[in-house]
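Participant: My questions will all concern the structure given below.
The values are calculated or read from the model by the stated rules, or taken from the named source; none is laboratory data. It should be emphasised that the depicted structure is a prediction, and the values quoted were computed from it without experimental measurement. Heads up, the Cβs are rebuilt from the backbone with ideal geometry, glycines too, and the neighbour counts pull from every protein chain shown.
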Amino acid sequence: MGAEKKGSKHKKVYIDKVLKLLDTYQKVLIVSSNNISSKQIQIIRKALLKKAVVLMGKNSLIRRACKMYAEKNPKVNELIPLIKQNIGLVFTNEDPRTIRDIIVENKINAPAKAGTVAPNDVIVPKGDTGLEPTQTTFLQALDIQTRIAKRQIEILYDVKLVSEGEKVGSSEATLLSKLGIKPFVYGMKLVQVYDNGSVYGPQVLDITDEMLKKNVLEELGNVSGISLELGFPTQVSLPYSFMNNFRNLLAISIETGYEIKEAESIRELLENPEALKELMEKQNEDEKEEKEEEKEEEPEPESESESDDDMFGGGLFD
């Protein structure tokens, strides 16, 4: 009976903690915590200190707390379906990109344990192993070609020991341990982002302000072009319409001799071919200078001789 009361008390404390986090923070990063040790979680918590709070625990309790909080803030209902499988929650009010970058930086190399599904190919490099010749039979059983050099085993060729997606066998795990190879890199992986009721994938964080600006300008240009083609004025096409109409006014003024102030400078150039020629030559020179400056800023490609020297650490006859 006492154990049940103690368990209920712990659950209440945990739920209260989740409710307080939901009340304090507007953004939640949902991260996968597969193969993450408690020590690594502590390292990530320390790196995120004063920027974010990492919450790990039972999904059922987190969902229960979210449902309770959703009565006050229905937006949290969008977060509940994301709480599944082996995940953790990172609460923050900072830019999610900053928090994502800190999480991604904190990865550790891990040994290959028997039965683990390999997240990547495992390559054993050729060269000295430091193993005694008595271990030759063990390596041959794994189809690894070796020879004895300076009283130790040398692997003759790079060997793909385990392919991505395969389970690591006990023999492979033992060999990697003997060689001191930790082939896997584990860390929290961002799955989804909850932002005050909105949910989006991690790829959205890679969209920069420059990319958004470029896309918006391109779309505005498309809208303007369609508006001008259809003769349907819009806010983005009006500047181009005014400019086109002004050109027409200038052409009519010059053609009919009807003087308007804005056409005086153009009429003077047309009546003075030498001045017009000088202006056009100056514009051509300015454009040529701009192209030359852009060309100077581009890095010059390495010559083949320079690349060869770098590859072999210097010239052949140095």
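Participant: Scan region 148-201 for residues that are in contact (Cβ under 8 Å) with a residue 60 or more places away in the chain and among the basic types (Lys, Arg) and report the count.
Facilitator: 2
So that you can scan it fast, the table gives a plain yes or no per residue for (1) of a type in the set (Asp, Glu); (2) closer than 25 Å to Ser60 by Cα; (3) at pLDDT 95 or above:
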| residue | (1), (2), (3) |
| --- | --- |
| Ile80 | no, yes, yes |
| Asn86 | no, yes, no |
| Leu89 | no, yes, yes |
| Thr92 | no, yes, yes |
| Val104 | no, no, no |
| Ile108 | no, no, no |
| Pro111 | no, no, no |
| Gly115 | no, no, no |
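Participant: So, in region 44-66, how many residues would count as being touching a strand residue (DSSP E or B) at 6+ places or on another chain (Cβ under 9 Å), farther than 18 Å from Tyr14 by Cα and surrounded by fewer than 16 Cβ atoms within 10 Å (Cβ to Cβ)?
Facilitator: Summing the residues that are touching a strand residue (DSSP E or B) at 6+ places or on another chain (Cβ under 9 Å), farther than 18 Å from Tyr14 by Cα and surrounded by fewer than 16 Cβ atoms within 10 Å (Cβ to Cβ) in region 44-66 gives 1.
Participant: Sticking with this one: Would you list the strands (runs of 3 or more DSSP E) that sit entirely within region 67-178 and hold 2 or more residues that are crowded, with 16+ Cβ neighbours inside 10 Å and within 32 Å of the chain's Cα centre (by Cα)? Outline the logic, then answer.
Facilitator: On the way: elements: 87-92, 108-110, 122-124, 146-149, 152-155, 159-162.
In region 67-178, the matching strands (runs of 3 or more DSSP E) lie at 87-92, 122-124, 159-162.
Participant: Can I ask one more? Quick one: how many residues across region 179-194 are closer than 23 Å to Thr146 by Cβ and assigned to a loop (DSSP other than H, G, I, E, B)? So that I can check it myself, show each step before the final result.
Facilitator: Of all residues in region 179-194, those closer than 23 Å to Thr146 by Cβ come to 179-183.
After this cut, where a residue has to be assigned to a loop (DSSP other than H, G, I, E, B) as well, the list is 180-183.
Of the residues in that region, 4 qualify.
Participant: Then there's this: Among the residues of region 5-40, which ones are assigned to a helix (DSSP H, G or I), at pLDDT below 90 and in contact with a strand residue (DSSP E or B) (Cβ under 8 Å, 6 or more places away or on another chain)?
Facilitator: Selection gives nothing.
Participant: Let me ask another. When the residues of region 41-58 are narrowed to those that are outside any loop (DSSP other than H, G, I, E, B) and not hydrophobic (A, V, I, L, M, F, W, C), which ends up nearest to Tyr69 (Cα to Cα)?
Facilitator: Per the criteria, the residue is Arg45.
Per-residue answers, yes or no, for (1) closer than 30 Å to Glu94 by Cβ; (2) surrounded by 10 or more Cβ atoms within 10 Å (Cβ to Cβ); (3) among the acidic types (Asp, Glu):
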site	(1), (2), (3)
Asp195	yes, yes, yes
Val199	yes, yes, no
Pro233	no, yes, no
Ser265	no, no, no
Leu270	no, yes, no
Ala275	no, yes, no
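Participant: Further, regarding this structure: Which condition does Val162 not pass, out of (1) touching an Asp or Glu at 6+ places or on another chain (Cβ under 7 Å); (2) assigned by TED's automatic domain parsing to the domain that holds Asn93, if it passes all the others?
Facilitator: Every condition holds for Val162 apart from (2).
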